[in-house]
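Q: To start, I am sharing the structure in question, which I have written as structure tokens.
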Amino acid sequence: MKARYDLAVVGAGIVGLACALAAARRGSSVVVIDRDAQANGASVRNFGFVTVTGQPRGGIWARARRSREVWDEIAGEAGIEVLQRGLWLPVRRPEAVAVLEAFLRTEMGEECRLLSPQAARARAPEATGPETAAVLWSPHERRVDSRTAIPRLAAWLTARFGVEVLRQTAVHEVAPPRIATARGAIEAEAAVVCPGDDLVSLYPGLLADAGLVRCKLQMMRLAPPGFALPSPVMSDLGLVRYGGYAALPEAAALRERLQAEQGEALAHGVHLIAVQDGDGALVVGDSHHDAPTPDPFASEAVDRLILDEWRAATGRDAPPVLQRWTGTYARGPQDSLIAAPHERVRLALVTAGNGASTAFAFGEEVIADLFEETP
């Protein structure tokens, strides 16, 4: 350990590592402190899906594009394999087609294409169901295996920039130049606190005032289906959940029809994302339930709703379930939070469940704000 650092980052999830990268690229000496022995939170319990298409229009969409660029810049050097590219979004309802057509008329639809059912089946019959009315194809997305990508990112930051990662270490107080930890004090000129969904250990008042809750999601890993997906797959339900589509006026009619036909799925925050691992297995989800302390139990009924949507989107029964798990992340009324509890401290959270998609750009904004630079 160095005697003193330019920056201490509390939290080694994707947001914390993104802040460490942004600071290291500007030449700062950085230590990252995390309470767990290895990545264990929302950053590794998700899809590893770097989503651009469908992110809320404006700043969040710009963050996603910039973050995708950073993933492209570092993935090869860090030994992170990009397993899939693009987005395959088959929809079944004319109201959903209208949303996609409206989306393509915006700047967000650049380079995307709307495929007819015939063209979609010719290109990817395994991911085009019998009820498919159209498919949105986007080239913008990337997909990594978050379970390996996050540890490799941390190791690369150490090897490339000398970032020190201190694990199994709880942080009790952040008061630069002193960071009080369970292993003693660490000296740092500034600090960024990235608590993930821990809303009570540091700055609980600020986090409570921001209106944050914890959101639980249900995930599954399915056996290889015997074919390759053309890219990560979504469906009609995603068009009323992702802001880039849902904010369009045309989404109102789709939402009304979904409420009538799939009201239970909407009530449980279910929408479909299906991605494929290097061994062919599928990672499929998810659902959304908010609570101050979400219970750890997964509902079989909710899992069935997710698998029903897979079947409806692709026309195929789901393969056997190999693993089930729940994850939690901090969710709030805004997409992110940057607060300054001290002039040399920033409290930083992505609060929309899109950390993999936006964290690198967000981290650049946090570090620029902390060091009064232009991001």
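The values are calculated or read from the model by the stated rules, or taken from the named source; none is laboratory data. A quick note: this is a predicted structure, and the numbers were derived from the prediction, not measured. Every residue, glycine as well, gets a Cβ built from its backbone with ideal geometry; the counts of neighbours run over all protein chains shown. When the accessible area is computed, the model is the full protein with side chains, heavy atoms only, and any ligands, DNA or RNA have been set aside. Shrake-Rupley method; radii C 1.70, N 1.55, O 1.52, S 1.80 Å.
Q: What is the residue count in segment 244-269 for residues that are among the hydrophobic types (A, V, I, L, M, F, W, C), open to solvent by less than 50 Å² (accessible area, probe 1.4 Å) and either under 23 Å from R63 (Cβ atoms) or modelled with pLDDT under 95 (or both)?
A: 3
Q: Still on this structure, please answer the following. Contact list please: Cβ distance under 6 Å, first residue in segment 288-299 and among the aliphatic types (A, V, I, L, M), second residue open to solvent by 80 Å² or more (accessible area, probe 1.4 Å), pairs at least six apart or on different chains.
A: What qualifies is A298/R324.
Q: What about L272, is it in contact with a Ser or Thr (Cβ under 8 Å, 6 or more places away or on another chain), of a type in the set (A, V, I, L, M) and open to solvent by less than 10 Å² (accessible area, probe 1.4 Å)?
A: Criteria met by L272.
Q: Now a separate question. Of G76, G86, which residue is touching a residue at least 40 places away in the same chain (Cβ under 8 Å) and closer than 27 Å to D279 by Cα?
A: On the way: G76 fails: touching a residue at least 40 places away in the same chain (Cβ under 8 Å).
G86 is the lone residue from the list that is touching a residue at least 40 places away in the same chain (Cβ under 8 Å) and closer than 27 Å to D279 by Cα.
Q: Same structure, new question: Just one of (1) closer than 18 Å to R241 by Cα; (2) in contact with a His (Cβ under 9 Å, 6 or more places away or on another chain) trips up R68, so point out which.
A: (1)
Q: With D295, D290, D369, D308 as the choices, which residue is open to solvent by 60 Å² or more (accessible area, probe 1.4 Å), in a loop (DSSP other than H, G, I, E, B) and out of contact with any Leu (no Cβ under 7 Å at 6 or more places or on another chain)?
A: Answer to the check: D295.
Q: So which of V9, V30, V15 is in contact with a helix residue (DSSP H, G or I) (Cβ under 7 Å, 6 or more places away or on another chain), modelled with pLDDT of 95 or more and over 16 Å from I150 (Cβ atoms)?
A: Matching residue, one of V9, V30, V15: V30.
Q: For segment 342-366, what are the residues that are under 28 Å from E187 (Cβ atoms) and either hydroxyl-bearing (S, T, Y) or in a helix (DSSP H, G or I) (or both)?
A: Correct list: A359, F360, F362, G363, E364, E365, V366.
Q: Further question on the same structure: Does I60 satisfy the condition of being open to solvent by less than 50 Å² (accessible area, probe 1.4 Å) and assigned to a helix (DSSP H, G or I)?
A: Numbers: open to solvent by less than 50 Å² (accessible area, probe 1.4 Å): yes; assigned to a helix (DSSP H, G or I): yes.
For I60, the condition - open to solvent by less than 50 Å² (accessible area, probe 1.4 Å) and assigned to a helix (DSSP H, G or I) - is met.
Q: Further question on the same structure: Do we have Q55 as open to solvent by 40 Å² or more (accessible area, probe 1.4 Å), under 24 Å from G327 (Cβ atoms) and either free of Cβ contacts under 8 Å to residues at least 40 places away in the same chain or part of a loop (DSSP other than H, G, I, E, B) (or both) here?
A: No; evaluated as a whole, the condition is false for this residue.
Q: Sticking with this structure for a sec: Considering (1) touching a residue at least 40 places away in the same chain (Cβ under 8 Å); (2) over 19 Å from the mean Cα position of the chain (by Cα), say which one E343 fails and leave the rest.
A: Among (1) touching a residue at least 40 places away in the same chain (Cβ under 8 Å); (2) over 19 Å from the mean Cα position of the chain (by Cα), E343 violates only (1).
Q: Quick one: in segment 276-287, which of the residues that are touching a Leu at 6+ places or on another chain (Cβ under 7 Å) and outside any loop (DSSP other than H, G, I, E, B) is most open to solvent (accessible area, probe 1.4 Å)?
A: Out of the qualifying residues, it is Q276.
Q: Identify the residue in segment 322-353 that is among the aliphatic types (A, V, I, L, M) and open to solvent by 50 Å² or more (accessible area, probe 1.4 Å) and, among all such residues, is farthest from V174 (Cα to Cα). Before the answer, list the steps.
A: Going through segment 322-353, the residues among the aliphatic types (A, V, I, L, M) turn out to be 322, 330, 337-340, 345, 347-350, 352.
Then keep just the ones that are open to solvent by 50 Å² or more (accessible area, probe 1.4 Å); that gives 322, 338, 340.
On the way: L322: 42, I338: 16, A340: 12 Å.
Selected residue: L322.
Q: On to the next question. Give the residues of segment 52-86 that are touching a strand residue (DSSP E or B) at 6+ places or on another chain (Cβ under 9 Å) and of a type in the set (F, W, Y), sorted by residue number.
A: W71
Q: Which pairs do you get when a residue that is within 16 Å of A127 (Cα to Cα) and open to solvent by 10 Å² or more (accessible area, probe 1.4 Å), found in segment 228-243, comes within reach of a residue that is part of a loop (DSSP other than H, G, I, E, B) and at pLDDT 95 or above, reach meaning Cβ atoms under 6 angstrom, with the pair 6+ apart or on two chains?
A: Pairs that qualify, where the first residue is within 16 Å of A127 (Cα to Cα) and open to solvent by 10 Å² or more (accessible area, probe 1.4 Å) and the partner is part of a loop (DSSP other than H, G, I, E, B) and at pLDDT 95 or above, are P230/A124.
Q: Just for helices (runs of 4 or more DSSP H) wholly inside segment 72-165: which have at least 2 residues that are open to solvent by less than 10 Å² (accessible area, probe 1.4 Å)? So that I can check it myself, show each step before the final result.
A: Working: elements: 94-104, 117-123, 146-161.
Fully inside segment 72-165 and qualifying: 94-104, 146-161.
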